[in-house]
Amino acid sequence: MPLPRVIPCLDVAGGRVVKGVRFRGLRDVGDPVELGEAYSDAGADELVFLDVAATLEGRAALVGLVRSVAERLSIPFTVGGGVRQVADAQALLEAGADKVSVNSAALELPELIGELAARLGSQAVVVAIDAEGGDVRSHAGGRPVGRRAVDWALEAEARGAGELLLTSIDADGTRDGYDLALTGEVAAAVSVSVIASGGAGTARHVAEALGVAQAALLASILHENPARLVTLRSELRELGSRFAMSELRAAVVQDADSGRVLMLAWMDEDALARTRATGEAHFFSRSRGMLWRKGETSGNTLAVEELRDDCDGDAILLRVHPAGPTCHTGAASCFAPWLWRRVAERARERPAGSYVARLLGAGPADCARKVGEEGVEVALAGAGETDERLVSELADLWFHSYVLLAARGLDPAAVEDELRRRGA
């Protein structure tokens with residue numbers, strides 16, 4: 001079961017954080033940049049930013065404001081409002097969002113969910129559902145759509161949503177507690193994470209929501225006093241909520257053959273148990289709030305040879321045999337040099353107009369010729385020209401050498417291994 005998450009929410013209109021009751025009577029409660037930073041510093045698990053006026057005003061989200069908030073955060077960041085096409089979502093991710101939320105546009109064009117999932121990955125797609133009396137409403141709760149929340153949740157999951165943000169309009173802003181019946185019905189019907197939203201007034205309300213959902217969204221009870229988030233955690237533990245049942249542990253992944261560090265991830269008790277049971281590495285995704293198996297989409301799994309605890313018991317070493325590149329860029333390690341990660345990414349995606357893609361398309365022989373040309377330029381620069389010229393030519397040589405390795409299906413790690421073997 002995923003670790004429960006407590007997630008502050010910034011409903012933004014006119015560049016300010018606002019809050020009302022049942023989506024009405026909105027009042028100004030603060031600056032989104034300042035509040036976002038305060039919640040990040042206070043230890044929030046994630047932050048949600050919803051531009052509640054974007055759809056009503058027929059515009060995209062305020063990308064500049066999103067970027068300003070993202071620059072102050074050290075936690076996963078979900079942004080919604082005005083996402084009508086893939087380009088809108090990509091703009092938000094480029095501004096610093098980790099996930100995008102869609103609501104009214106997905107109801108009008110359900111295919112949008114699949115398009116977003118195909119382009120961004122399901123882990124980055126959150127479908128927000130606003131419901132009144134169990135019936136879905138769009139456009140900031142202003143329009144009924146003739147669908148039940150549980151039915152729309154099931155369809156959204158089937159189309160590729162990686163998470164659902166379920167807001168009870170009836171409970172929103174009341175501080176009388178979450179709609180546990182509605183939340184429980186939806187959470188029981190789907191297999192993706194559900195974030196309960198609307199009605200938090202006390203720690204007990206949050207604990208009750210975490211008993212039926214994977215996360216609880218908070219707004220009113222925090223905006224006037226962001227430091228309340230710190231004491232809320234202690235109260236949840238005292239109430240015995242699932243929030244206190246497990247803690248994340250850093251997981252350092254090491255190649256069992258070469259000793260090279262491949263990646264850093266996180267594990268909870270479920271991830272550790274699944275890893276031990278299957279022999280394949282499973283981790284906990286902080287951004288998605290759920291368990292995941294390494295390689296479940298790419299096929300680049302990690303066969304675990306050994307698990308070791310560190311001296312304090314707060315980190316785990318996994319010695320593994322990788323089935324392919326570990327990093328999503330296509331590099332063997334997430335700690336590979338920046339230049340190699342970029343070349344590997346270009347080699348995998350082959351984007352139009354990419355110089356790397358063009359070189360690779362010409363074949364290994366042409367790549368090798370470029371390395372030869374650059375080698376001559378380095379020799380000439382080193383023999384008598386300026387240091388700046390030598391650095392420039394060496395940069396060209398290293399770059400084209402990496403492209404040649406990619407063309408031959410090799411990794412710079414193979415060169416490092418050979419140098420290590422020689423005792424260099």
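Remarks
- Any hit, the stretch 50-59, residues being of a type outside the set (Asp, Glu) and at pLDDT 90 or above: yes
- Put simply, of Ala379, Ala395, Ala357, Ala414 the only residue that is free of Cβ contacts under 8 Å to residues at least 24 places away in the same chain and over 39 Å from the mean Cα position of the chain (by Cα) is Ala379.
- Here the condition is being under 22 Å from Gly259 (Cβ atoms) and either under 32 Å from the mean Cα position of the chain (by Cα) or assigned to a helix (DSSP H, G or I) (or both); of Arg341, Arg389, it holds for Arg341 alone.
- Restricting the stretch 313-331 to residues that are assigned to a loop (DSSP other than H, G, I, E, B) and modelled with pLDDT of 85 or more, the residue that is surrounded by the most Cβ atoms within 10 Å (Cβ to Cβ): Thr326
- Every residue from the stretch 16-35 that is closer than 16 Å to Ala227 by Cα and either out of contact with any strand residue (DSSP E or B) (no Cβ under 7 Å at 6 or more places or on another chain) or free of Cβ contacts under 8 Å to residues at least 40 places away in the same chain (or both): Asp31, Pro32, Val33, Glu34
- Taken over the stretch 132-141, the criterion of being part of a loop (DSSP other than H, G, I, E, B), farther than 27 Å from Gly64 by Cα and touching a helix residue (DSSP H, G or I) at 6+ places or on another chain (Cβ under 8 Å) is satisfied by Gly134 alone.
- One residue from Val403, Val378 being modelled with pLDDT of 85 or more, more than 27 Å from Cys334 (Cβ to Cβ) and surrounded by 15 or more Cβ atoms within 10 Å (Cβ to Cβ): Val378
- Inside the stretch 392-418, residues that are outside any helix (DSSP H, G or I) and closer than 16 Å to Arg341 by Cβ make up a count of 2.
- Just so you know, in the stretch 326-354 the residues that are in contact (Cβ under 8 Å) with a residue 40 or more places away in the chain and among the polar types (S, T, N, Q) include one that is nearest to Val403 (Cα to Cα), and it is Ser333.
- Every pair of residues 6+ apart whose Cβ atoms lie under 8 Å, when the first sits in the stretch 269-283 and is farther than 16 Å from Asn300 by Cβ while the second is part of a helix (DSSP H, G or I): none
- Test: residue in the stretch 99-110 that is touching a Leu at 6+ places or on another chain (Cβ under 8 Å) and among the β-branched types (Val, Ile, Thr): yes
- Elements of the type helices (runs of 4 or more DSSP H) sitting completely within the stretch 26-131 and holding at least 2 residues that are in the same structural domain as Ser168 (by TED's automatic domain parsing) and charged (D, E, K, R): these cover 32-41, 86-94, 111-120.
- Selection within the stretch 287-312 - more than 24 Å from Ala336 (Cβ to Cβ), in a loop (DSSP other than H, G, I, E, B) and either under 22 Å from the mean Cα position of the chain (by Cα) or in the same structural domain as Asp45 (by TED's automatic domain parsing) (or both): Arg288, Gly289
- The lone exception for Gly43 - which of (1) touching a residue at least 60 places away in the same chain (Cβ under 8 Å); (2) under 28 Å from Trp292 (Cα atoms); (3) crowded, with 18+ Cβ neighbours inside 10 Å it fails: (3)
- Filter result for Ala347 (in a loop (DSSP other than H, G, I, E, B), of a type in the set (A, V, I, L, M) and over 27 Å from Gln214 (Cβ atoms)): no
- Selection status of Val230, crowded, with 21+ Cβ neighbours inside 10 Å and in a helix (DSSP H, G or I): no
- Residue in the stretch 350-359 that is more than 14 Å from Gln254 (Cα to Cα), modelled with pLDDT of 90 or more and touching a Cys at 6+ places or on another chain (Cβ under 7 Å) present: yes
- Top-ranked residue in the stretch 121-148 [being acidic (Asp, Glu) and surrounded by fewer than 23 Cβ atoms within 10 Å (Cβ to Cβ); ranked as farthest from Val21 (Cα to Cα)]: Asp135
- Test: residue in the stretch 195-210 that is at pLDDT below 90, outside any helix (DSSP H, G or I), of a type in the set (A, V, I, L, M) and surrounded by 18 or more Cβ atoms within 10 Å (Cβ to Cβ): no
- Which numbered condition Phe284 misses (of (1) at pLDDT below 90; (2) surrounded by 13 or more Cβ atoms within 10 Å (Cβ to Cβ); (3) within 19 Å of the chain's Cα centre (by Cα); (4) over 30 Å from Val33 (Cα atoms)): (4)
- Subset of the stretch 290-309 [at pLDDT below 85 and out of contact with any Asp or Glu (no Cβ under 7 Å at 6 or more places or on another chain)]: Met290, Thr297
The values are calculated or read from the model by the stated rules, or taken from the named source; none is laboratory data. In this text, all values refer to a predicted model and were calculated from it rather than measured experimentally. Positions of Cβ are backbone-derived with ideal geometry, glycine not excepted, and every protein chain shown enters the neighbour counts.
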